[in-house]
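Below you'll find the structure, written out as structure tokens, and then a few comments.
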């Protein structure tokens with residue numbers, strides 16, 4: 001199998017794009033740590049952090065791992081198990097924290 | 001090297017190794033999610049201390065996080081260099097990635113040793129076992145990645161790695177970025193959301 | 001011999017899987033017979049309670065992981081590349097690695113039967129004894145101090161690696177190595193079901209791996225993942241196990257369903273009714289199979305909402321399953337039926353799987369399940385779907401593809417005897433278990449009181465088990481006679497529609513002298529839409545490169561049991577040796593020149 005010449009791959013991002021993504025990742029991380037330390041944000045800590053880390057996650061996956069430019073099939077190969085995993089996580093949280101099982105938090109486990 | 005392309009038709013027009021590796025990454029999502037789910041499900045259930053807010057060192061771990069993020073940058077620069085045939089910079093960036101990976105691992109060692117001194121071990125409580133197994137599994141993945149990167153670096157030094165091996169480097173990159181991405185989740189879920 | 005050890009040819013690997021798996025099937029069957037002998041009478045004393053626990057644990061573990069899965073794998077290996085028009089799988093050395101790891105894992109697991117003395121225990125004392133599902137906290141060191149559970153969790157982790165590797169391999173193979181013109185909706189049903197199965201494998205096995213790692217850490221490193229006193233819960237094990245375990249049962253049944261979807265059309269001389277619907281139902285079963293796992297936990301107190309949700313999803317999954325059954329029946333309806341042994345087994349599959357499915361649907365209701373769970377009613381359900389389903393389906397595949405794989409046809413008269421004895425035996429063995437369970441006999445007890453009123457039924461069930469044994473003997477006689485007296489098989493003894501029938505039996509090492517270009521779903525049949533394809537020429541027009549074998553898959557595989565021996569024997573340096581062997585194997589493999 002010849003390497004490096006696949007019709008499905010589009011032009012690679014430039015070094016500039018990579019550096020911009022890196023800068024964004026740094027900024028997002030600073031924001032995350034900021035939200036952690038600034039008391040004013042504590043009310044919305046969890047959703048804010050989840051959004052920020054999801055952004056970082058997406059940037060790395062889409063640009064560094066090239067998913068945005070590659071065949072959509074790779075997005076499926078990654079996305080479907082990711083979706084499944086998220087579903088499992090949410091289900092386990094619900095099952096263990098008893099919020100939907102009409103039991104107290106101390107029970108149900 | 002290229003005659004294979006003529007005889008090895010692929011139904012999807014995609015490289016088999018790349019398909020295999022993305023499938024592997026999908027599989028690893030389930031692995032890490034099981035570990036993270038356990039961490040979350042057992043959060044707050046430890047019967048004895050120490051608890052996360054007493055032990056976790058956010059400034060230190062933030063530096064580790066930056067380190068790993070920058071290593072991903074090194075990795076894409078390494079791939080770009082190899083793809084354009086610039087093996088001088090290819091070697092430099094590959095080594096830099098591995099080095100930053102080693103720094104991360106060093107940070108983990110320091111962090112874990114600190115925790116043990118402060119009374120948190122695998123056996124101490126639920127926080128201990130879920131934390132150490134989750135981050136330990138991640139650390140083991142980083143270790144494998146560092147070995148993999150150093151292997152490529154040595155091959156490059158020997159003149160055996162070139163633009164014809166761009167796919168190999170790309171797949172190495174996929175692994176490395178995935179390990180970084182898992183850390184992004186762990187940093188948020190374990191360290192920042194306490 | 002060396003050629004077999006270094007082989008990377010999917011056909012040879014398929015045969016290796018078959019013979020190894022069949023041996024494990026016989027061992028698992030022996031364990032079953034001992035169980036049934038012990039239960040033939042109340043207050044039986046053929047074996048002690050401790051030995052009995054090992055027997056049912058090993059029977060379940062062996063049948064699921066060492067017999068049924070690898071028997072399916074033997075067909076994935078041999079047949080899928082042929083059906084899609086490929087010369088081999090995507091990663092032949094990885095394929096060999098999967099086989100060797102399976103063999104070594106199975107040997108490690110079964111070694112536990114005989115190595116008691118090495119652990120200061122008698123023979124037949126250290127085999128796994130915590131049930132095939134190893135519930136915590138029985139499996140914690142406190143309640144299972146010996147090495148039994150260690151063999152189990154280490155063996156399963158090794159086997160998991162084998163399955164995962166094969167999973168990645170076959171996903172890439174089926175997606176990326178199809179012959180020109182073979183669009184996905186022209187891929188044969190068996191290969192489609194194989195694809196769905198492999199996606200289930202690569203997503204479900206990581207979860208059990210984590211569960212087993214937690215158990216291993218609890219047992220070896222003093223963690224508390226399943227220890228209530230530390231704030232944890234044994235329920236976590238149940239969730240992790242069944243998150244894997246339910247997709248696992250679809251891993252066990254989908255390949256057999258795929259086989260049935262091949263056999264029925266061939267012997268009805270009619271295309272599979274509703275091929276697209278059958279394929280999509282299989283895909284749907286795969287997805288939906290992830291949503292039902294807690295139906296194995298209706299008795300643990302999840303609460304009414306969780307119970308209801310899982311009851312609903314469980315009932316829903318009966319729909320795509322039922323759709324397949326209707327499509328199979330419609331395939332036979334109005335067809336030109338040839339009653340070969342393969343067809344008998346395929347039809348038997350449908351009938352027995354319906355019964356197993358019905359008892360499954362009764363489990364879907366939590367209040368009903370509270371009566372059924374942990375009783376022999378469940379054992380009946382399991383065996384109707386796994387024996388009546390998977391095993392009958394696998395035998396259908398065996399009779400169907402035996403000529404292709406060996407070049408000889410199994411005897412049809414002996415085959416009919418095999419079928420009818422099996423069919424009778426399994427119903428006599430497993431039907432009474434529905435009643436035995438509802439009358440109150442729990443699972444996993446080594447004996448029962450005559451007052452329970454299930455003695456006669458148990459004796460009947462034991463009789464059925466021995467009938468199955470006789471049937472297997474008939475099959476073995478068939479196999480032995482066929483080696484010397486079997487009718488040589490032409491390329492296409494059955495008039496099959498798919499590509500594997502276009503080449504010799506057994507195929508040449510390169511499979512197809514010329515890779516065919518496929519224009520429709522039934523290339524070898526004449527239909528109202530198209531003429532049959534021309535089979536590839538007997539001699540390849542150009543030389544075909546055939547890859548060499550390789551030692552490194554075996555070497556790498558050997559590293560794993562050596563690694564496992566370290567915790568088993570509490571010898572740290574063995575871990576380093578095992579890791580070193582694995583690393584050397586991987587490095588030599590990676591840098592070996594190997595051309596597809």
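Just a few scattered comments:
- Cβ crowding within 10 Å, taken as a proxy for footprinting-reagent exposure, orders B:118, A:56 from fewest neighbours to most as B:118, A:56.
- Judged by the gyration tensor of its Cα atoms, with axes a ≥ b ≥ c, the range C:478-534 is oblate; a/c meets the 1.5 cut and b/c is at least as large as a/b.
- The mean number of Cβ atoms from other chains found within 10 Å of a Cβ in peptide C:47-59 is 0, as a whole number.
- Helical mean residue ellipticity (222 nm; -39500 (n - 2.57) per DSSP H run of 4+; nearest 500) of chain C: -21500 deg cm²/dmol
- Legend: translational diffusion of the range C:328-449 by Stokes-Einstein, Rh = Kirkwood radius over C-alpha pairs, 4 °C, 1.567 mPa s; D = 82 µm²/s.
- Rounded FRET efficiency, nearest 0.05, which uses the C-beta distance separating residue C:333 from residue C:368 and R0 of 35 Å: 0.60
- Judged by the ratio a/c of the largest to the smallest principal axis of the C-alpha gyration tensor, the range B:125-194 counts as prolate, that ratio being 1.5 or greater while a/b is larger than b/c.
- Partner shielding of A:78-87 amounts to 6, given as the average count of beta-carbon atoms from other chains within 10 Å of each residue beta-carbon.
- Sorting C:520-532, B:141-153, C:162-174 by their mean Cβ neighbour count within 10 Å, with the most densely packed peptide first, gives C:162-174, B:141-153, C:520-532.
- Packing-based exposure ordering (other Cβ within 10 Å, fewest first) of C:395, C:221: C:221, C:395
- Once the Cα atoms are used to define both axes, helix C:49-61 deviates from the longest principal axis of chain C by about 30 degrees.
- Label-to-label distance for residue B:114 and residue A:68 is 3.5 nm, based on points extended 7 Å past Cα in the beta-carbon direction.
- Partner shielding of C:300-311 amounts to 4, given as the average count of beta-carbon atoms from other chains within 10 Å of each residue beta-carbon.
- Between helix C:304-332 and chain C: long-axis angle, C-alpha atoms, 0 to 90°, nearest 10: 30 degrees
- Scoring C:294-302, C:503-511, B:177-185 by mean Cβ neighbours within 10 Å over their residues and listing the highest first yields B:177-185, C:294-302, C:503-511.
- Within chain C, the proportion of Cα pairs with more than 34 Å between them is 41 percent.
- Reciprocal mean inverse distance between Cα atoms of the range C:380-473 - Kirkwood radius, Å: 14.7 Å
- Gyration tensor (alpha-carbon) shape descriptor, the range B:131-172, a/c threshold 1.5: oblate
- FRET E, pair residue B:57, residue A:54, Förster distance 25 Å, beta-carbon r, rounded to 0.05: 0.55
- Neighbour-count order for B:18, B:43, C:2, fewest beta carbons within 10 angstrom listed first: C:2, B:43, B:18
- Computing FRET efficiency as 1/(1 + (r/R0)^6) for residue A:83 and residue A:30, where r is the C-beta to C-beta distance and R0 is 25 Å, gives about 0.25.
- Point-to-point label distance, residue C:539-residue B:160, nm (Cα→Cβ direction, 7 Å offset): 4.1 nm
- From helices alone, chain B scores -26000 deg cm²/dmol at 222 nm; the rule is -39500 (n - 2.57) for each run of n ≥ 4 DSSP H residues, then divide by the residue total.
- Cα long-axis angle, helix C:92-111 against chain C (0 to 90 degrees, to the nearest 10): 30 degrees
- Two-decimal Rg to Rh for the range A:12-70 - Kirkwood Rh, Cα set: 1.09
- The ratio of the alpha-carbon radius of gyration of the protein assembly as shown to the globular-protein estimate 2.2 N^0.38 Å is 0.95.
- Overall dimensions of chain B by Cα: Rg and Dmax, Å: 19.3, 65
- In this label model, residue C:48 and residue C:517 are separated by 7.1 nm, measuring between points 7 Å along each Cα→Cβ vector.
- Computed over chain B: relative contact order in percent, which uses C-alpha pairs under 8 Å that are six or more apart: 31 percent
- The ellipsoid that matches the Cα gyration tensor of the range C:1-100 has semi-axes, each √(5λ) in whole angstrom, of 37, 12, 9, with the longest given first.
Every read-out reported here was derived from the displayed coordinates using simple, explicitly stated rules and does not represent laboratory data. Keep in mind it's a predicted model, so treat the numbers as computed, not measured. Don't worry about glycine lacking a Cβ; one is built from the backbone with ideal geometry, like all the others, and counts go over all protein chains shown.
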